[in-house]
1. Tell me, which residue of region 174-193 that is under 19 Å from residue 313 (Cα atoms) and at pLDDT below 90 is least open to solvent (accessible area, probe 1.4 Å)?
2. Looking at region 446-463, can you tell me whether even one residue there is touching a helix residue (DSSP H, G or I) at 6+ places or on another chain (Cβ under 8 Å), at pLDDT below 95 and more than 18 Å from residue 97 (Cβ to Cβ)?
3. Look at residue 88 and say whether it is at pLDDT 95 or above, over 30 Å from residue 197 (Cβ atoms), of a type in the set (Ser, Thr, Tyr) and touching a helix residue (DSSP H, G or I) at 6+ places or on another chain (Cβ under 6 Å).
4. When the residues of region 28-50 are filtered to those that are modelled with pLDDT under 90 and in contact with a helix residue (DSSP H, G or I) (Cβ under 9 Å, 6 or more places away or on another chain), which remaining residue is nearest to residue 429 (Cα to Cα)?
5. Answer yes or no: is there a residue in region 230-244 that is open to solvent by 50 Å² or more (accessible area, probe 1.4 Å), more than 24 Å from the chain's Cα centre (by Cα) and either of a type outside the set (Phe, Trp, Tyr) or within 15 Å of residue 378 (Cβ to Cβ) (or both).
6. Quick one: residue 334 ticks every box in (1) among the hydroxyl-bearing types (Ser, Thr, Tyr); (2) within 16 Å of residue 251 (Cα to Cα); (3) touching a Leu at 6+ places or on another chain (Cβ under 6 Å) except a single one, so which number is it?
7. Just the residues that are open to solvent by 10 Å² or more (accessible area, probe 1.4 Å) and either among the aromatic types (Phe, Trp, Tyr) or within 25 Å of residue 217 (Cβ to Cβ) (or both), please, taken from region 102-134.
8. Return the residues of region 494-519 that are in contact with a strand residue (DSSP E or B) (Cβ under 9 Å, 6 or more places away or on another chain), basic (Lys, Arg) and free of Cβ contacts under 8 Å to residues at least 60 places away in the same chain; say none if nothing qualifies.
Amino acid sequence: MKIDLISHICNHLMLGLTIGFALLMDSTMASVLPKTDQPNIIIIMTDDMGFSDLGCYGSEIKTPHLDTLAHKGIRFTRFYNTGRCCPTRASLLTGLYQHQAGVGNMTNDAGPSKPGYRGRLMERCVTIAEVLGQGGYRTIQTGKWHVGDKKKEWLPSGRGFDRNYSCPQGGGFYFRPSAFKKERHVVRGNEVLYNKQKDPPEGWYATDAWTDEGLKYVREAVEEKKPFLWYLAHNAPHYPLKAKPEDIAKYRGKYKIGWDAIRQQRYEKLIKLGIIDPKWKLSTREKGIPAWDSLSEKQKDEQDLRMATYAAMIDCVDQNVGKIVATLKQLEVYENTLILFLHDNGGCAEGGTMGRNTGKGICGTAESFALYGACWANVSDTPFRKYKKFIHEGGISSPLIAHWPKGINAKLNGKLTSEPTHLIDLMATCVDLSGSSYPESFKGNEIIPMEGVSLNPIFQGKQFKRNAPLFFEHVGNRGIRYGKWKLVAVKGKPWELYDMQADRTERNNMAKELPEKVKELTNLYKAWAERSFVTKNMNFIKYDEFKSPIINPLSTHYQLIINSLSTHYQLIINP
């Protein structure tokens, strides 16, 4: 019987390889676009922003320019990130899960024995810039980098970006780098322009600067008649909360009704917009957050100022989106530019339950160092549970707005898609739309194949197909999303099981009712974790072993997974 099964798999393997290769060649040839049809691509990502923080996703914060892009494009209601800053950037840039790229945690290097935790983009991956650059694109990066800064070859200029104006170490400052507690540089190319010893000129503000400099590079590309890729990574609205006084003034006093009232308003607006199902109950206020009415008037005013500053930072991001759109129209490239807008993780609960300000100035000023805390992060993540770094929906759910007048079917304008999608899909989308070729090797290194699927079928109103589950892990928090099911756990805690169709706010844990489903999903998660360099509690797992065929209990296909330290191959065969 075992011999017959092995023979059956091998026969299908040879047939599948033959058919698969033919299909691959056919699809590769079909996807190559004439150079004149290559769209420009702008990927805009914000930092530490919750699911419901945009007007078109339920917020009271004014984001008219992003709302317009949403109404003339498509909104994704089930788009996922990795739950944390550096890992999200690694996944977005490479089309891989973050551990495969080398950034399973933050930028600390855990050493060669832990290949998923090297703290930088490794040579076993390529960036979108490296791929599209080979396809004739001008590649631009502005804003936060945070995926390796110790060597020049790890910087944007060393990972395929022709032009960059960046903070390699991360974010954390808005008016001047010297105000941040750790060393921060602003670089153009590899030249350090500003640091703790040399601040930018008066009036410099990071959100504006990342945009203005990027637009210079866009104009340059258009003048040279080159398609462009622009990765704009804002550090807003990540703490410390700092904004221009005129922007803060727009929101001062609006939050004195309290977090409970704002959450309820957002929940109701999300339902009205069709973004969430009315049967998904609003998650309960997170443990430890007090009722608003229990606060003193002084405390309420402090809290109002913090949230008004946070809102002002988002408002400024939206103003800069408006600036981008106006420039694209002026340059006559608006119609054939794909704009994607997303967040790197959910709202940030750092700063304790009530937030804090440890700086010398009042919240919002250059001298302040304020965090808005779990009380307002719970609002940002409405209607979901948990926050940044967790794998519950509040940690990993992001808006995704896709706007492309020439490329998205006009009948879909203003529509929503509920297809579960992920950061890993952005590389596949860019490769598909640009007609570029994703390499098997690059600069002498074997490259891990893309994990994602192109979103272009969604743009055309066609069926979107993903055969594999979506996987998540960060600092021991873990999860898998497959079909209507989600298996999720906090580090050191047992698995929880949720039906995402009936209960996306994760209030009804079904793990005890369906132990076999938990077992099936757990096995899939373990197989993924092993092939993707995920180490349990940072204990080394050997990855350079040939793995025997794994029969997937949730689908009628065989999977053969081959692992090595540099790459993996996956073949799916329908029996």
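1. Of everything passing the filter in region 174-193, 177 is least open to solvent (accessible area, probe 1.4 Å).
2. yes
3. It is false that residue 88 is at pLDDT 95 or above, over 30 Å from residue 197 (Cβ atoms), of a type in the set (Ser, Thr, Tyr) and touching a helix residue (DSSP H, G or I) at 6+ places or on another chain (Cβ under 6 Å).
4. 31
5. no
6. Exception for residue 334: condition (2).
7. 117, 120, 130, 133, 134
8. Matches in region 494-519: 512, 517.
The values are calculated or read from the model by the stated rules, or taken from the named source; none is laboratory data. None of the values given here were measured: they were computed from a predicted structure. Note that we place each Cβ from the backbone using ideal geometry, even for glycine, and neighbour counts take in every protein chain shown. To get the accessible areas, we keep the full protein, side chains included, count just its heavy atoms, and leave off ligands, DNA and RNA. Shrake-Rupley method; radii C 1.70, N 1.55, O 1.52, S 1.80 Å.
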